[in-house]
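Here is the structure we will look at.
The values are calculated or read from the model by the stated rules, or taken from the named source; none is laboratory data. Here the structure is a predicted model, which means the values were calculated and not measured. FYI the Cβ positions are ideal-geometry reconstructions off the backbone, even for glycines, and counts take in every protein chain you see.
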Amino acid sequence: MYRVLIVDDDKLARRGIISMMPWDKYQMSVVGEAQNGEQALEFLTENVVDVVFADIDMPAMDGITLMKKCSQLYPELLFVVLTFYEDFHYVQSALRMGAIDYISKLQMEAVDCDQLLEQISKKIENSIAKHSGTHEAGQAAEEQNKSAGQTVPVHHEREWQLLVKSWKEMYWLYDDTVFEQLCRKTMEIGTSVRRIEHALLPLARQAEESAGMAEKDILEYYKPQDFLQWLKSLREGLYQMAARETKLERIPVCIMKSVMYVKEHLGEQLHAEETALQINLSRSYFSVNFKKYVGISFKEFVRQERVKAAKKLLSGQKVLVADIAPAVGYEDVNYFIRVFFELTGMTPGEYKKLNCKSGKA
């Protein structure tokens, strides 16, 4: 699903574009809107976006200037420009800068929006494919890795780009499991440390900025695991900072605090409303933002964290399932067993036996 940001100083125009286009049909979702380039940049610091539909002529910061800034800050961000101009002078400038298409607002009511979005969707796919799968991209990948004494086969390029896209979703900042999985996949793919740095360092800076944290110095590293360890320490530093923060003005910090609250109270009854109160948010606003930043609902996150904690307890030599259930917040043992099975594909007893046989318990 491609995430779309609509940028236009005319609120009615924004509403019209959002309502007229069959976004879901072409795997797109409007994740936000802004009335000028400055607001768009603010939105981009805290949200992951794949495509920006931006008006060329706006106060404060126009679409062309926004494109220029994003080409440096978010080089993989795609643009579709919106315009009233008939001579398309500005449109041509935008297309030369890399915009994949344009929409004439004067003609929107007269054209088939379904067909228009289908055309744009194809261009998005072509642009991503060109970026990730062409011979030139493969050569660039090989050159980068040769400098580190490694060579990544060209056919792995698409796999690498998909992995980078998962990193860009930023769910790893809030979910330990996602972070561990991405680190493991990054190690398995076998690319160079410099290429990992190029892809992930901007995301680390984005995480710092969204949480209001000063830049963390990068230690000298020579291997991929060194950089990933630095990223892990940065992540831990963000949570330490969030724990000390008393001014709950930034949503990312609020979500971090809620994540910590869940982990600290797994043995208790956990509800979205009570957790929201801990960070001074309404239940509905908290629930929407929790899923937006973490990638799953609050309820599902609690389930996953409880099962994760249960796994650790099951690794002990002398523990009973009946004792573990209440320790991770389940008074009903049978319900705990059902949840554990749903998430792992085995019962707690089976999981314990497997770990005992493998020598992990």
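Does any residue of region 320-336 turn out to be under 22 Å from the mean Cα position of the chain (by Cα) and either assigned by TED's automatic domain parsing to the domain that holds Val31 or hydrophobic (A, V, I, L, M, F, W, C) (or both)? No: zero hits. From the list Glu142, Glu180, Glu136, Glu159, the lone residue that is surrounded by fewer than 14 Cβ atoms within 10 Å (Cβ to Cβ), modelled with pLDDT under 85 and in a helix (DSSP H, G or I) is Glu136.
Of all the residues that make up region 293-318, how many are farther than 20 Å from Met260 by Cα and free of Cβ contacts under 8 Å to residues at least 24 places away in the same chain? Break it down into steps so the answer makes sense when it comes.
Within region 293-318, the subset farther than 20 Å from Met260 by Cα is 314-318.
Pick out the ones that are also free of Cβ contacts under 8 Å to residues at least 24 places away in the same chain and you get 318.
Final tally of qualifying residues: 1.
Residues of region 329-338 that are closer than 16 Å to Lys312 by Cα and part of a helix (DSSP H, G or I): Phe336, Ile337.
Among the numbered conditions (1) surrounded by 13 or more Cβ atoms within 10 Å (Cβ to Cβ); (2) farther than 27 Å from Ser166 by Cα; (3) among the aliphatic types (A, V, I, L, M), the only one that Val339 does not meet is (2).
When the residues of region 1-46 are filtered to those that are part of a loop (DSSP other than H, G, I, E, B) and free of Cβ contacts under 8 Å to residues at least 60 places away in the same chain, which remaining residue is surrounded by the fewest Cβ atoms within 10 Å (Cβ to Cβ)?
Of all residues in region 1-46, those part of a loop (DSSP other than H, G, I, E, B) come to 1, 8-10, 21-22, 27, 35-36.
Remaining after also requiring free of Cβ contacts under 8 Å to residues at least 60 places away in the same chain: 1, 9-10, 35-36.
Working: Met1: 11, Asp9: 17, Asp10: 15, Gln35: 18, Asn36: 20.
It comes out as Met1.
Against the test of being under 30 Å from Leu248 (Cβ atoms) and in contact with a helix residue (DSSP H, G or I) (Cβ under 6 Å, 6 or more places away or on another chain), the options Val288, Val259, Val307 yield a single qualifying residue, Val307. Only one entry of Leu238, Leu201, Leu231 meets the criterion of being under 30 Å from Ser127 (Cβ atoms) and crowded, with 16+ Cβ neighbours inside 10 Å, and that entry is Leu231.
Ser315 - would you say it is farther than 30 Å from Val49 by Cβ and among the polar types (S, T, N, Q)? Spelling it out, Ser315 is indeed farther than 30 Å from Val49 by Cβ and among the polar types (S, T, N, Q). Consider region 259-281 and keep the residues that are touching a residue at least 40 places away in the same chain (Cβ under 8 Å) and part of a helix (DSSP H, G or I). The one that is surrounded by the most Cβ atoms within 10 Å (Cβ to Cβ) is Val259.
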